[in-house]
Amino acid sequence: MALLSTVLKRIKGSHTEILLLWSTALVFFSLSLGTSPSMIAAAITFVVWLFSEKRLSVKDIFKNKLFWPVIPAVLLPWICLAYSPEKSLGLDYAMKSKYWIFTFIVAGMSLRSGRVHIMIKAFICGVFINAIVALSQYTELLPMVKEGHPGLGVVHTAASVYLVIGLIMSGMYFGREQRIVWKTCWILVMGFLLFHLAIMNGRAGYLSFILAAPLIANFMMKEFSVFKKGVVCFVLILVVFLSSTVQNRIENTIEDIEHNMEKIAKGNWFENSIKELPRFYIYDSAVRLMIKHPLKGLGTGGLKKYTARKGHAVVHPHNNILYMGVSFGIAGVIVCLWMFWIMLKTSWKYRHTQIGCFVLGIALVMFISGMFDTLIINSGTSILFSLGYGFLNHLEKLECTHG
């Protein structure tokens with residue numbers, strides 16, 4: 001660390017900016033490669049930023065109203081830790097707030113079109129490599145790193161998020177590319193990503209992809225009629241849903257719901273029904289506890305103790321909004337919806353730029369997939385969300401950039 005700080009102090013001006021750019025690009029690249037690579041890249045980026053003059057821009061960033069929700073997002077986990085019945089778990093969740101530093105790192109960077117391209121394509125490259133590994137495992141050329149999670153071992157909820165965002169951005173680049181060779185390359189990339197998504201068990205990924213498919217088709221066929229865009233959208237969805245993995249996952253889910261509809265409706269949860277339908281039990285418990293403790297919630301990580309009384313302890317509710325509500329009360333729900341509203345509304349306005357498209361993809365997929373998992377406390381997806389939020393500071397400046 002001392003050696004690195006000495007080196008960084010000797011590197012000034014634009015050289016520091018270049019280092020920060022490439023270290024941030026490394027974070028984007030490594031997200032799909034596993035927790036350890038992304039944590040190492042994140043640590044490198046933080047150190048580079050800490051010893052650069054960009055750290056001084058934090059106070060100026062807060063002058064932008066778009067970043068006001070970040071303040072309560074950082075403070076609430078620590079405030080509510082004070083009355084949490086699960087101090088150890090609560091501390092672990094509160095520590096996740098450190099990832100918000102990447103919002104200020106990105107927001108304070110000096111960005112232009114080429115630099116944005118580097119970070120976005122670094123992200124796509126990481127997702128693409130993970131998809132190649134998944135294909136190699138599917139054909140038994142490589143062993144599985146983690147059973148049930150094709151690729152480099154990233155859990156399917158996070159991997160699905162990266163894949164769908166990668167598809168959105170690949171579709172955008174395909175639509176803008178004029179050269180046949182590069183169009184072909186982008187189609188191949190999308191093919192690998194679609195294949196990887198189709199052999200995964202992530203239901204949240206399927207839903208995110210269905211809702212994002214019209215956006216992907218629109219970017220791919222931006223100069224064509226609505227009918228042709230609709231055809232492309234249909235084909236994209238069909239390709240994924242022809243997979244036996246996807247079909248089996250959906251059929252099993254529907255059967256479970258149909259056979260246990262009465263239990264779900266009445267909320268009568270016993271040991272056997274909890275094992276059969278863990279997610280419905282989790283959602284039902286979280287909603288009931290939110291209603292019972294609307295003002296201050298249960299405290300950071302507090303859900304575990306209250307659900308343990310039924311013999312099935314739940315550490316988080318597998319839903320971003322429910323997590324914020326059950327942990328921090330109504331204030332948590334407001335902050336969560338406030339952040340997503342700002343990201344979606346602002347990025348939609350600038351969706352014709354590559355940076356706007358990227359932020360829109362992150363916000364949209366994180367919001368949809370966040371209905372089925374607590375992505376804001378997952379290390380990889382929380383870093384991605386923080387990085388994407390930081391881009392909000394650059395949307396207006398790069399509005400005229402069409403890449």
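The values are calculated or read from the model by the stated rules, or taken from the named source; none is laboratory data. The structure displayed is predicted, hence computed values, not measured ones. Glycine gets a Cβ as well: all are built from the backbone with ideal geometry, and neighbour counts include every protein chain shown.
Does at least one position in the range 34-45 carry a residue that is more than 25 Å from LYS305 (Cα to Cα), over 18 Å from the mean Cα position of the chain (by Cα) and in contact (Cβ under 8 Å) with a residue 24 or more places away in the chain? So far as the range 34-45 goes, yes, one or more of its residues are more than 25 Å from LYS305 (Cα to Cα), over 18 Å from the mean Cα position of the chain (by Cα) and in contact (Cβ under 8 Å) with a residue 24 or more places away in the chain. When we screen GLU251, GLU223 for residues that are part of a loop (DSSP other than H, G, I, E, B), over 23 Å from THR381 (Cβ atoms) and not β-branched (Val, Ile, Thr), the only hit is GLU223. When LEU193, LEU188, LEU207 are checked against the criterion of being closer than 23 Å to ASN320 by Cβ, at pLDDT 90 or above and part of a helix (DSSP H, G or I), LEU207 stands alone in meeting it.
Residue count for the range 311-326 under the criterion of being under 14 Å from ASP284 (Cα atoms) and not in a helix (DSSP H, G or I): the result is 7.
Taking first residues from the range 282-296 that are assigned to a helix (DSSP H, G or I) and partners that are surrounded by fewer than 16 Cβ atoms within 10 Å (Cβ to Cβ), the Cβ contacts under 7 Å between residues at least 6 apart in sequence or on separate chains come to ASP284/GLY267. Look at ALA212 and say whether it is of a type outside the set (Val, Ile, Thr), without any contact (Cβ under 8 Å) to a residue 60 or more places away in the chain and surrounded by 14 or more Cβ atoms within 10 Å (Cβ to Cβ). Judged against the criteria, ALA212 is not a match. Condition check: surrounded by fewer than 21 Cβ atoms within 10 Å (Cβ to Cβ) and modelled with pLDDT under 90. Does MET95 satisfy that? So MET95 fails the test.
Assess whether LEU337 counts as being part of a helix (DSSP H, G or I) and under 14 Å from the mean Cα position of the chain (by Cα). Criteria not met by LEU337. Of PHE67, PHE29, all but one fail to be at pLDDT 95 or above and not charged (D, E, K, R); the exception is PHE29. If I filter the range 94-103 for residues that are among the charged types (D, E, K, R) and out of contact with any helix residue (DSSP H, G or I) (no Cβ under 8 Å at 6 or more places or on another chain), do I get at least one hit? Looking through the range 94-103, at least one residue is among the charged types (D, E, K, R) and out of contact with any helix residue (DSSP H, G or I) (no Cβ under 8 Å at 6 or more places or on another chain).
Against the test of being over 18 Å from PHE29 (Cα atoms), in a helix (DSSP H, G or I), modelled with pLDDT of 95 or more and in contact with a helix residue (DSSP H, G or I) (Cβ under 8 Å, 6 or more places away or on another chain), the options LEU89, LEU76, LEU167, LEU163 yield a single qualifying residue, LEU76. For the residues LYS228, LYS263, the requirement of being at pLDDT below 85, surrounded by 11 or more Cβ atoms within 10 Å (Cβ to Cβ) and of a type in the set (Lys, Arg) singles out LYS263.
With (1) touching a Phe, Trp or Tyr at 6+ places or on another chain (Cβ under 8 Å); (2) touching a residue at least 60 places away in the same chain (Cβ under 8 Å); (3) assigned to a helix (DSSP H, G or I) as the list, and VAL154 as the residue in question, which single condition is left unmet? Of everything listed in (1) touching a Phe, Trp or Tyr at 6+ places or on another chain (Cβ under 8 Å); (2) touching a residue at least 60 places away in the same chain (Cβ under 8 Å); (3) assigned to a helix (DSSP H, G or I), VAL154 misses just condition (3). When we screen PHE62, PHE104 for residues that are within 20 Å of the chain's Cα centre (by Cα) and not hydroxyl-bearing (Ser, Thr, Tyr), the only hit is PHE104.
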